[in-house]
């Protein structure tokens, strides 16, 4: 007898091949049968007539490194049909740590990952993985190790190249993380302190990843005026080190960079792939990104970490220099505020109750209310909030997003951030239903089969998940069932904490985790690790 029998569904198996109508049998957590008709009895029969039956969605780009330590976490993604999520992106990860720089790492990470209401009870990556394995999870999780975390452990926020000793520390910590289960290394080259790295030192670090046959994902150095130079840099790093490369949230940021710039970047990737380099990318289905307010400042003003940044803002001479640079076009860094405008910078979270009224307003609006220059206003907000301010930044073109989404080697991510307060980006609640509602059903920018492949089989193959991401006999029964006619993301920029509609069932490891809006206390998720 089967545990679960799914009947009469439109099966989109993740391969990209045309869908077909049939049944799926599940037993002992695995798919054991797929056929036009299965007559075997089952303990539970799901009538999927008129519904899409898909592999569970895989989100390989999130920042849930701390949230996954909470066993109640996961409902937001389950309700989107997600059955596997990866954290540790953009150079940020919760491990490894060092006693000397732990506070720096926490200050660096918490605006992205959120704040943990307990001590960080680990030092090495292996200790972090071990702690995760003692927990129960609503869905499958796995992670990358962040290059920013590695550098902070070795050198803090000090500028300049690594010394020979510091480089050995980074490589040792990286090797330990990859041996202990990290699925690859992530770069955050836009951020201090990773922006201090030279290309050659990054090549040296990547050679450790190559020895593990791992993947390097990268938030490139610049996504605006320097987009093509930044793409060239990471392609050169991949070529010289021999690693597989994945470019995170590929975009052309800033109005002056729309259209032509993204085509130039994609052409560079196409040429690299034609030369035999293993390069892929991903994209989120929105025209706004989400980051921290400090990332809009000149890189030199961020040296040494947030404490030093705030000291520079307080210093009248330094502040005047910061304001001048932010109000003029830059040649040595991507000044996206200059090219896009403060009216497109929405405050999404602050720490203090006193400034809670800023949330949901753009900086230009706040400045007008306070009769201030917008740049001065933004710096004042950073001082008032001790640097911990998250933003939603409208700096992308819809046409660029669609073009990137349609690439055969791109797949779709949420890039979810977990700030403790305020309004998250709606992608945290709506990414995957949005793909099917907006880009499959409404605009038909993607076929159903293409969209399913981009959120299932493609990311699974990229991460070497050999028994997930497709509907095949013997594969883990991570399955999402949804109604293509009614699926919709309800999260908006102003009211983002709204669950989607149209997801009928989510199975994780062969057990029903969600049924018609009801989330069950089923925790069959696995901690997915590499090399162990």
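The values are calculated or read from the model by the stated rules, or taken from the named source; none is laboratory data. As the structure is a computational prediction, the values presented were derived from the model and not from experiment. Glycine also receives a Cβ, built like all others from the backbone with ideal geometry; neighbour counts cover every protein chain displayed.
See the values below:
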quantity	calculated
Index of the failed condition, residue 380 passing every other in (1) more than 23 Å from residue 257 (Cβ to Cβ); (2) in contact with a strand residue (DSSP E or B) (Cβ under 7 Å, 6 or more places away or on another chain); (3) surrounded by fewer than 21 Cβ atoms within 10 Å (Cβ to Cβ)	(2)
Total residues in segment 111-131, condition surrounded by fewer than 20 Cβ atoms within 10 Å (Cβ to Cβ) and under 30 Å from residue 506 (Cα atoms)	5
Residue check for residue 160: over 18 Å from residue 102 (Cβ atoms) and in contact with a strand residue (DSSP E or B) (Cβ under 8 Å, 6 or more places away or on another chain)	no
Residue check for residue 366: at pLDDT 95 or above and within 25 Å of residue 286 (Cβ to Cβ)	yes
Listing of helices (runs of 4 or more DSSP H) fully contained in segment 86-169 that carry 2 or more residues being assigned by TED's automatic domain parsing to the domain that holds residue 215 and either in contact with a helix residue (DSSP H, G or I) (Cβ under 6 Å, 6 or more places away or on another chain) or at pLDDT below 95 (or both)	102-113, 147-155
Per-region count, segment 299-314, residues surrounded by 15 or more Cβ atoms within 10 Å (Cβ to Cβ) and part of a helix (DSSP H, G or I)	9
Failed item in (1) closer than 30 Å to residue 506 by Cα; (2) in contact with a helix residue (DSSP H, G or I) (Cβ under 7 Å, 6 or more places away or on another chain); (3) free of Cβ contacts under 8 Å to residues at least 24 places away in the same chain, with residue 182 passing the rest	(3)
Test: residue 148 is buried (at least 23 other Cβ atoms within 10 Å of the Cβ), touching a strand residue (DSSP E or B) at 6+ places or on another chain (Cβ under 9 Å) and more than 16 Å from residue 91 (Cβ to Cβ)	no
The one condition in (1) at pLDDT 95 or above; (2) more than 16 Å from residue 400 (Cα to Cα); (3) surrounded by 20 or more Cβ atoms within 10 Å (Cβ to Cβ) that residue 269 fails to fulfil	(2)
Given (1) closer than 29 Å to residue 347 by Cβ; (2) surrounded by fewer than 17 Cβ atoms within 10 Å (Cβ to Cβ), index of the condition residue 296 fails	(2)
Which numbered condition residue 77 fails, given (1) closer than 30 Å to residue 23 by Cβ; (2) touching a residue at least 60 places away in the same chain (Cβ under 8 Å); (3) part of a loop (DSSP other than H, G, I, E, B)	(3)
Check on residue 493, farther than 30 Å from residue 177 by Cα, out of contact with any helix residue (DSSP H, G or I) (no Cβ under 9 Å at 6 or more places or on another chain) and modelled with pLDDT under 95	yes
All positions within segment 383-407 that are touching a helix residue (DSSP H, G or I) at 6+ places or on another chain (Cβ under 6 Å), surrounded by fewer than 20 Cβ atoms within 10 Å (Cβ to Cβ) and either under 12 Å from residue 293 (Cβ atoms) or free of Cβ contacts under 8 Å to residues at least 24 places away in the same chain (or both)	383
